[in-house]
Structures are given as C-alpha cells and as structure tokens.
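The values are calculated or read from the model by the stated rules, or taken from the named source; none is laboratory data. Just so you know, these numbers come straight off a predicted model, no measurement behind them. Virtual Cβ from ideal backbone geometry, glycine too; neighbours counted across all protein chains shown.
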Amino acid sequence: MIAVLALAAGVVLGLVFKPTVPAVLEPYLPIAVVAALDAVFGGVRARLDGIFDDKQFVVSFVSNVLVAAFIVFLGDQLGVGGQLSVSVVVVLGVRIFGNVAAIRRHLFRA
Amino acid sequence: MTRAPAPPHREASNLLTDLFRDSLDGGYAAAAERRAKAGPEPPWQRRTGRGARAFALALVGFLLAVAYQQVVAGAAGNSRTRADLAAEVAQRRAEADKLARDAEGLRDEVSRDREQALAADPELQRLRDLEARTGLARVQGNGVVVTVSDAPAAVDPVTGRVDPDNLGRVLDRDLQAIANALWQSGAEAIAVNGQRLTATSTIRAAGEAILVDFRPIARPYQLSAIGPDGIDKRLAESATGKQFKRFVENYRMVFEIKARNGLTLPAGADPGLRYATPPPSAPPSGAGPSGGPSPSGSRR
C-alpha cells in the first residue's frame, strides 16, 4: 500500500514540478527508465514470492540505474554509440519479461 | 545410454540460460535465507528499510513522469518547429510575390511615362525591342508550348513497391537543353512555368526540386516560347527534340510540343541596378534613414 502511494506521489511530483532535464543527462533517461522498471518488476515478483527485501530492492534499483547509465556513457565515449545500450535493453528486457511472466503465474495461476 | 558431454563455452551458455531462467535477482533469495537463519530484523531496521523502499519507488515514479514529459515535449517541439518554419516560408514567399507585383506595376508606370516622353523619338522602338529581348518587359505573341514531365514511376506488379530509380525523371539539365534548343530555334522570349528567362537566369537542381532563378517550380514543366512561325517544327527537328523523342520511347517521359497563338509571357525578375545609384538630390521624404546617400552624408 505504501509502495503504491509512494509511486503515485513520485508521478504527481514529476507532473507538478515539470523539471527540465539537462541536455547532458538526456541520453541516459530512457535507459534509466528501463532499469527502474526492471527493479520494480523484480521487487513485485519477490513480494509475491514472499521473499521481498527492502535493502535488496533499493540496492538493485540504484545499481541498475547507475550501471545502465554507465554503459550508455561508455558506449558514447568508445564511439559505438547506441550499440552498447542495446545490450542493456536486451538484458533488462528479458528480465522484465521473465518477472512479469512470474507475476502473471502468481496472479492468474496460468 | 551415456550422458552427453558438457557443451563447450559453458560460461557463455550459462550466462544466457541463467538470464532466461532466473529473471529474479539472486539477492532476494539470499536475503530470505539470511533472514531465516538470523531471525527477523530489529524494528528500527525494518522502519528504515520501509522508508528507503518508499523513497526509491517515489524516485521511480518521478523518473517515469519526467521521461514521459520529455518525450511529449520533444514530439510537440519537433512538429511545432516544422509548422512554424513552413508558415514562415509561405509568409515570406507571399511577401516576395507582393513586392514583385509592386515592382512590376512601378516598372509599367515608368515605361508608360517614358513612352510619353519619347513619343517622337525613333529610339523608342529600339528600346522596346531591347526590353523584349532582355526579358525586362511583358511580351505577347505566337509561339510554342513545350510540356515535359517525369515518366510515371515504375511499380512492381508483385510487391506493389515503387521503384525509386526512375530513369525518366526530368532533370535540370533537360530543361536547360530544351531552353537552349528553343533559343536556337529562334525563340525571342521563353518562360518556364510562368517564370521568364533572362540572360542571367539559372535553371538548377536542389535535391529533388528544380529551381528557376532560385524559385522552385513544380511538375509538369511548361516552357512557353514566343518565336517565328514554324518554331515548333524546328524544335522537333532539332537534335534536342529528337533526343527527347527517344526519351519518350525508351523511358516513357512526357514531352509534348504544341504551337499556340496569343501567348503572354511575364517580365523577368528585376535585374537590379549594379552601378547606378539614385542621385543625391532626391527628395528627402522618399529616402528613409537607410535610403540612398543623403546630401548631408558627404560631410568632410
């Protein structure tokens, strides 16, 4: 319950304050969103599995976002452009799929 | 039955199979195990954990909202910029058209006044001829209209895809060749899609478009020329005319020559004065602050 409220509060804050993203951070935003979604779905699944852990959730969220941003940064610096961020999207996308499938099994038994 | 040997590259395949099989972070299971061994955490730790969880989730929501707004703003900004640019182009073009009309009206006035002033002078006829030749005056007469256009794009009958390489496309070179052939056939004045060609006119390509005097013209291209009788036949007999007839047969390009009576070709763009300047004794009311040199400007 607190979790849903916190999520909603964050969305409302973002919509109300309308922060402008600095141009330097702009390329990292989409990847950060994917990383955050991965952490959230992982947390939901752990919750349904009954093994949720606050510390693990926070750490995985922060490290996911940081590592994803670092990989994008590294790709930019190495001159391979968006190709390294493809790896982030693939890995996190596969994990999101797997976690959503597990959540679905929990909720619908199918 | 024997067991199959372990495949080579175990590391790599393990990485991928792990990824597909265990999408959950291993840390959750480890933490649960630790909890089962050491018992539940003290209350202060649980409270901090809950706070951190709420904060992280708020951050996630914030991130989502910011990303959403970023995407929306970007899309709106792009389309708005394009619409603004298009509107500005249309507005500037309308302004330029209006100024050109004004200039034409003023030029008509000047030539009327001049004709009145020079009514008795035999030079007037020579002046008129020169103006007609150089494209400074509107001309009327009989002549020929040449219509050129691209061949219809080849469409693949199976896939329905349009072949991007259209060999029958009209290039700027084609219009140049036809204009030159018209001059050669005796044309006295030529206009392309209503734009008069003068001695300094250009027919050029910019990307896909053809520009006449830096103004884009659209298909089908119509070259109207005023010239002596039989100019249409001479054009058809010329090397260029024969060449385009072959283009019509081979590439299905559109090329038609039609004699027409009573053509009116507009005056060309004003060439602008290069060396002449308005006399310094012009009435000061006409010259604004940025006008020609004012009498008081030559103070030494």
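Within segment A:8-39, which residues are in contact (Cβ under 8 Å) with a residue 12 or more places away in the chain and closer than 13 Å to B:LEU59 by Cα? Can you show your working first?
Restricting attention to segment A:8-39, the residues satisfying the condition of being in contact (Cβ under 8 Å) with a residue 12 or more places away in the chain are A:27-28, A:31-32, A:34-39.
Hits for segment A:8-39 are A:ALA32, A:ALA35, A:ALA36, A:LEU37, A:ALA39.
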* Structure fact -> Considering residues that are on the phi > 0 side of the Ramachandran plot and touching a residue at least 60 places away in the same chain (Cβ under 8 Å), the number found within segment B:232-275 is 2
* To do: Just need a number here: residues in segment A:1-20 that are facing chain B (nearest Cβ under 7 Å) and in a helix (DSSP H, G or I).
  => 11
* Residues of segment B:179-209 being over 14 Å from B:ILE226 (Cα atoms) and over 18 Å from the mean Cα position of the chain (by Cα), which ones? -> B:ALA199, B:THR200, B:SER201
* If we keep just the residues of segment B:218-239 that are closer than 20 Å to B:GLN195 by Cβ and not hydrophobic (A, V, I, L, M, F, W, C), which is modelled with the lowest pLDDT? -> B:ARG219
* **Hits in segment B:27-52 (condition: more than 16 Å from A:GLY50 (Cβ to Cβ), of a type in the set (Gly, Ala, Ser) and more than 8 Å from chain A (Cβ to nearest Cβ))** => B:ALA38, B:GLY39, B:GLY51
* Is it fair to say B:ARG93 is part of a helix (DSSP H, G or I), at pLDDT 85 or above and either more than 14 Å from chain A (Cβ to nearest Cβ) or under 30 Å from B:ASP270 (Cα atoms) (or both)? -> yes
* Asked: If you go through segment A:67-85 one residue at a time, how many are within 14 Å of chain B (Cβ to nearest Cβ) and not in a helix (DSSP H, G or I)?
  -> 0
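Can you find, within segment B:117-140, the residue that is modelled with the highest pLDDT among those that are within 23 Å of B:VAL192 (Cβ to Cβ) and in contact with a helix residue (DSSP H, G or I) (Cβ under 9 Å, 6 or more places away or on another chain)? Before you say what the answer is, go through the steps one by one.
First, pick out the residues of segment B:117-140 that are within 23 Å of B:VAL192 (Cβ to Cβ): B:129-140.
Narrowing the set further to residues that are in contact with a helix residue (DSSP H, G or I) (Cβ under 9 Å, 6 or more places away or on another chain) leaves B:131, B:136-139.
Numbers: B:GLU131: 82, B:LEU136: 81, B:ALA137: 81, B:ARG138: 83, B:VAL139: 87.
Of everything passing the filter in segment B:117-140, B:VAL139 is modelled with the highest pLDDT.
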* Restrict the check to segment B:150-161 and report whether at least one residue is in a loop (DSSP other than H, G, I, E, B), closer than 20 Å to B:MET253 by Cβ, modelled with pLDDT of 85 or more and assigned by TED's automatic domain parsing to the domain that holds B:PRO220. => yes
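Restricting to segment B:170-187, count the residues that are in a loop (DSSP other than H, G, I, E, B) and touching a residue at least 60 places away in the same chain (Cβ under 8 Å).
Within segment B:170-187, the subset in a loop (DSSP other than H, G, I, E, B) is B:170-171, B:185-187.
In the following step, the residues that additionally are touching a residue at least 60 places away in the same chain (Cβ under 8 Å) were identified as B:170.
Matching residues across segment B:170-187 total 1.
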* Residue by residue through segment A:21-39, note down the ones that are at pLDDT below 85 and within 9 Å of chain B (Cβ to nearest Cβ). => A:VAL21, A:GLU26
* Asked: Which ones in segment A:53-63 are within 9 Å of another protein chain (Cβ to nearest Cβ) and not aliphatic (A, V, I, L, M)?
  -> A:ASP53, A:ASP54, A:LYS55, A:GLN56, A:PHE57, A:SER60, A:PHE61
* Asked: Is at least one residue of segment A:86-104 assigned to a helix (DSSP H, G or I), at pLDDT 85 or above, more than 14 Å from B:SER23 (Cα to Cα) and at the interface with another protein chain (Cβ under 8 Å from one of its Cβ atoms)?
  -> no
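Among the candidates A:GLY14, A:GLY10, A:GLY42, which residue alone is buried (at least 20 other Cβ atoms within 10 Å of the Cβ) and more than 16 Å from the chain's Cα centre (by Cα)? Full working, then the answer.
Numbers: A:GLY10 fails: more than 16 Å from the chain's Cα centre (by Cα); A:GLY42 fails: more than 16 Å from the chain's Cα centre (by Cα).
After ruling out the rest, the residue left standing is A:GLY14.
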